[in-house]
Every structure is written in C-alpha cells, then in structure tokens.
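The values are calculated or read from the model by the stated rules, or taken from the named source; none is laboratory data. Being a predicted model, the structure only gives us computed values, none of them experimental. In this analysis, Cβ positions are derived from the backbone assuming ideal geometry, glycine residues included, and neighbour counts consider all displayed protein chains.
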Amino acid sequence: MPVPFQRNRLLLALTATLMVAVAIPVANSAVVGSEVNAATGKKCSELAGLKIAANAIGLPTGGATVSSAVSASAGGAGNQAYGSHCLVSGDITPVDPAAPNIKFQLALPEKWNGKAAMLGGAGLNGSIPPLTNASNLWGSQKQPIPLSRGYAVFSSDSGHQAKAGEHPAAFGANQEALKNYAGDALKKTRDVAMRLVRSHYGRAPGKSYFIGYSKGGGEALAVAQRWPADWDGVVAGAPGWNVTGVALDGLKAAQAVAVPGAWLNEAKRHTLYAGVLKACDALDGAKDGVISNARACEARFDPAVLRCPQGADTGDVCLSDVQLTALKKINDPQSLAYAIGTGESSIPGHPVYLADHGGGVPDAVHKEMLTQLSVYGSTPPAFPPTPQMGVYLADGVIRHMIAKDPNFNTLMMDIPSGNGLASRIEAHSALFSNNTDLSPFRKGGGKLLLWTGGAEPAARTSAHYYSGMQATMGPARVDSFARYYEIPGAQHGFSSAFHPEWDQLATIENWVEKGVDPANNIVATDDAGVPGRTRPLCTFPSWPKYNGSGDVNNAKSFTCTTR
C-alpha cells in the first residue's frame, strides 16, 4: 500500500515520475549562508514556543505557534543527501474555532544557500509533504531535493488533517477549512515561514520558489496569481487549478462507465491501448511505444475499428457498442448550464484514448497505480464509492464540498443542469485561483514553468489555462515569462510509456537567476517505458518528431515541431 501521502496523491484524478537529465547547466547551489547570524538570529532551540501574531500574517488567522524546533542530523543518500538542519513544526490557528489548524513544517539547513522553496501538496491534502525526500516532487524524484541544495524548505497540510474512517473531503463542510484548501493556507504558511527564516538566519531569503504537481501544481498557479510579489519562480506540474471542473469531468467519466456493460476489464483496456498504438505510434516518425503527435492521433483514431461483431460483447479482443458509447462520453466535452473555472460553460473531457488504463502494457512497472488512477479504477463505480473506484475523488468534492450532503448520490447527478446545485458549483469554483492574467507576476520578474503529461486528464485543462493566458495577456507577454510543456506518453504521476525525470528546480533557478531560457533545451529521461531513453521537452504546441535516422532512444534524434 502507498504511504498516506502517496495514497492521498492517488486520490487526485486532477491529477509523475523518476531519472532525468537537463540539457542546461545546473544552477550553482553552493552554500552562501551560515547557520545563524550571531547578531540577530535565534538558535534552533530558541525557536520552540515562538509565537507569530495574527497581524504578521497576510490573511486572517488566530496567529501561529512553533510547537517544536529540533536539531536534525544529516541524512538521505546520493545526490539527495542533505545536511544537518533545524526542523521546525507548528500550527496556524483559524479564525473559526470549529476549523482545523494549519499544520506546517520548515527545515532550516545549517549551510543555507540564502534561498527558500515551498512544496505543494497533493490530492485532497490533509498531510504535510515530506521535506527530506522527493515523494511529492513528481517529475524530479531522482534529482537533488531542495534541502540537499541548501534551501530553507517548507510546506503545510493545507489546513486539515486526514482522519481514518472519514472521507478525505469531509473537511469541506467547514468554510474556512475549504478556503484554506483552495489556496489561503499557502499565503498563511509562507508568511509564517518567512518570519521564522528571518528569526533564525537574521535575514530574508534572496530568492523564493514554489514547486508543485497535481493539486500542488494548481497551488503553484495560485501563488503566482494571488501573491506574485512573494515568489521569483514557480513550477506548476499537471496543475489541478480548476478543481471543480476536474471533479465534474471525473464524475462524467464515472457515470459513463457505471452503465451496465460499459466498464472495461484489464484485457479490454489492453485491446483499447494496443489499438491506439497501432493507429498512432508512428505518427511522430518513430514506432517506439510513445504517441508524441497527440493531436493527430485524436483526429485519426476511430475506436469503431475495435467494435465487436454486431456491437455485442463477444470477448476481450473487441469493444461492445455500450463500451464504445462510454468511451465517447468520457472523451467528448460537455456543455453546462452554469459557469466554472475562468468562466467557461463546459468541461473538456478526458484524453481517454491516449492513456494506459492499467491494461495497456501487461508488465508495466506502474500498472497498479495506472489502474487506480484510471477513469475506470480497479473496480466498477458504485455508490457510495470506495478508493478503488475512479469516481472516488470527484464524488468527494461534489458530495462533501458542494452538496454538503453525505447521502447525495453523485452517480445519479445531472451534470449539465447541476441538479439544483448550479449556484453552489459556481461558488465552489470561485474559491480557486482561475485568473489567467499573471501580469503582476510577470512585471515583478517572476518566471513560470507549466508542464503536464500528454496522456493524462490534466492535459486539456492545462492547455486551456495556457491558451487563456495568451488570450488575456497576449502571446508575446506570455512568452516573456512562461514556458508550457506537454510531455508525450506521460500520465498523471505514473506511466507505462514515458515516465519523465528532469531537474525542475535547477531549470527555474537558471531562468530566474541567470537568464537561461529553457525553451526547447530540456532533456527528460524515461524511467518506465524504456528506462534511460531521453526525449526533448518541447514548448507547446510543438512535439518531438523523429529525424528519420539515429538512435530512437536518444533525444538528439528528435526535433521539436508543430507539423
């Protein structure tokens, strides 16, 4: 079983990742600080019990208290080895006494590089991402962690604690807890962390970065939108920025496969994925198990080629009419009678034909996770859902945060009309950061790395957000501070085709601090399909095309193109 943080991460069908090289030089993370400024800094033990007044925090709270501050020994291994540090734990109290505290942790290295990094959460949060390993640094899980580079690094549980026997979305019944989850906890935690950094080192960080994936990717966009002056660079991976829309899309998919006979078993999922590969694998010039020209594939692949004779279910080597109808519903957009996200009145559908749903590659290293993260889940959807069902997260968001009714049967909900919840759905969406105008962040010199897997549910919402930025700010302004990468074959956190690894923190550091534009110069290493092969990361909407000669497992054999 995954550890609690990983398990919570799997609940996000908003929502990866392991060995990579970056084609640009790694930022110089040499130590430039010291453990304490003797004139003004507090020793680690002196931070314990420290209180931070509510008026020192940028959003309403009841203040914060450090519950413990202990000297921690060096640890880790290889390039993720880290030095001795002060581990600070604390609580930020709410205004509403019925709301939970925000629990946070901050690691203050003895050999400080003079910078700070905040790590985003995952899924429905409810636990503090670990600061001493890379379990939540999806896409950079084999790279040096921020603490290894000398960063003061911090994170929080976003304002609630997951409880055994309780749905992880149950906290949404409390409005302050819900607002914290939607983004407020980010500002509160950051402000408290900055006070503690100054208390310990005697000065503020010279640079501050935010790194997140999935829900954490949405949080990265939130801080760039809402508190642009706080951050020099943010990395938003597969951003779950439109939580409401993603939940509705996930529910739409679950309703489609809940129809009797529509759910695909493992063998049928293999039939589907093999059929897509047959039609699309070579569209990028190389038959290598990776669909790089995703747009051409979606235009070309017709699932009807897999139809069973007369449309009846006659076995695992074909798909019935009921199953094909469900696939079309999952893939297609859906009009809504209300507005969500950045004002759209539709949800985009899942790129269901591009993904391995746990049956595509029989011996895939991530098969169990792919199955669980799939819109199909490992068991057919039912009400009330279990964590093994693809509907679990979407159901939690709608049932506990929007309907606020534990007995509301989401599988029976009429999504287009909102089933009487339209105003609540719009209000829920408005809590999250849906602003595509990042002009203040840009004007302050901030840089944004936005990336997603091309075969995961977040792909279409990420592309939508990026297009929205271009429409709001103009393509030239967006190009001056933001780069968007859609990585072929990658899925949400796990993959059987291409599981990317690249040094995201070094990339954003180099851009912010040295002016090194990542452009099409990043090389990612696969850690799943063909471990060790490399591919260029191409700025959207370009994709890597095989040059026609050379090693198909070498990034140098590919060129980024739009045609």
Kindly check whether there is at least one residue in the stretch 196-207 that is among the polar types (S, T, N, Q), buried (at least 23 other Cβ atoms within 10 Å of the Cβ) and in the same structural domain as C86 (by TED's automatic domain parsing). no
Of the residues in the stretch 360-417 that are of a type in the set (D, E) and farther than 30 Å from P500 by Cα, the one that is modelled with the lowest pLDDT is D405
Any residue at all in the stretch 355-376 that is touching a strand residue (DSSP E or B) at 6+ places or on another chain (Cβ under 7 Å), surrounded by fewer than 23 Cβ atoms within 10 Å (Cβ to Cβ), of a type in the set (A, V, I, L, M, F, W, C) and not in a loop (DSSP other than H, G, I, E, B)? no
Only residues that are assigned to a strand (DSSP E or B) and of a type in the set (D, E, K, R): list them for the stretch 290-321, please. R307
Only one residue in M469, M401, M412 is in the same structural domain as Q334 (by TED's automatic domain parsing), closer than 20 Å to G216 by Cβ and over 16 Å from the mean Cα position of the chain (by Cα), so which one is that? M401
Inspect the stretch 165-188 for any residue being closer than 23 Å to E509 by Cα and surrounded by fewer than 24 Cβ atoms within 10 Å (Cβ to Cβ) and give the result as yes or no. yes
Over the stretch 376-432, the set of residues among the polar types (S, T, N, Q) and in contact with a helix residue (DSSP H, G or I) (Cβ under 9 Å, 6 or more places away or on another chain) is S378, T386, Q388, N407, N409, T410, N419, S429
Those residues that are farther than 22 Å from Q255 by Cβ and surrounded by fewer than 16 Cβ atoms within 10 Å (Cβ to Cβ), I need them from the stretch 317-329; list them, please. V317
Find all pairs meeting these conditions: Cβ atoms under 8 angstrom apart; at least six residues apart or on different chains; first residue within the stretch 57-71 and assigned by TED's automatic domain parsing to the domain that holds N180; second residue hydroxyl-bearing (S, T, Y) and part of a strand (DSSP E or B). V66/S89; S67/S89; S68/S89; A69/S89
Looking at this structure, is F481 surrounded by fewer than 24 Cβ atoms within 10 Å (Cβ to Cβ) and in contact with a strand residue (DSSP E or B) (Cβ under 7 Å, 6 or more places away or on another chain)? yes
State yes or no: is K287 basic (K, R) and either in a helix (DSSP H, G or I) or in contact with a strand residue (DSSP E or B) (Cβ under 6 Å, 6 or more places away or on another chain) (or both)? no
Kindly evaluate G532 against the criterion of being touching a helix residue (DSSP H, G or I) at 6+ places or on another chain (Cβ under 9 Å) and either within 22 Å of A117 (Cα to Cα) or not assigned by TED's automatic domain parsing to the domain that holds G212 (or both). no
Can you name the helices (runs of 4 or more DSSP H) wholly within the stretch 420-519 that have at least 1 residues being closer than 30 Å to Y338 by Cα, touching an Asp or Glu at 6+ places or on another chain (Cβ under 8 Å) and aromatic (F, W, Y)? none
Would you check which residues across the stretch 443-456 are crowded, with 20+ Cβ neighbours inside 10 Å and in contact with a helix residue (DSSP H, G or I) (Cβ under 7 Å, 6 or more places away or on another chain) and list them? G446, K447, L448, L449, L450, T452, G453, G454, A455
Mind checking which residues of the stretch 106-163 are touching an Asp or Glu at 6+ places or on another chain (Cβ under 8 Å) and hydrophobic (A, V, I, L, M, F, W, C)? W112, I128
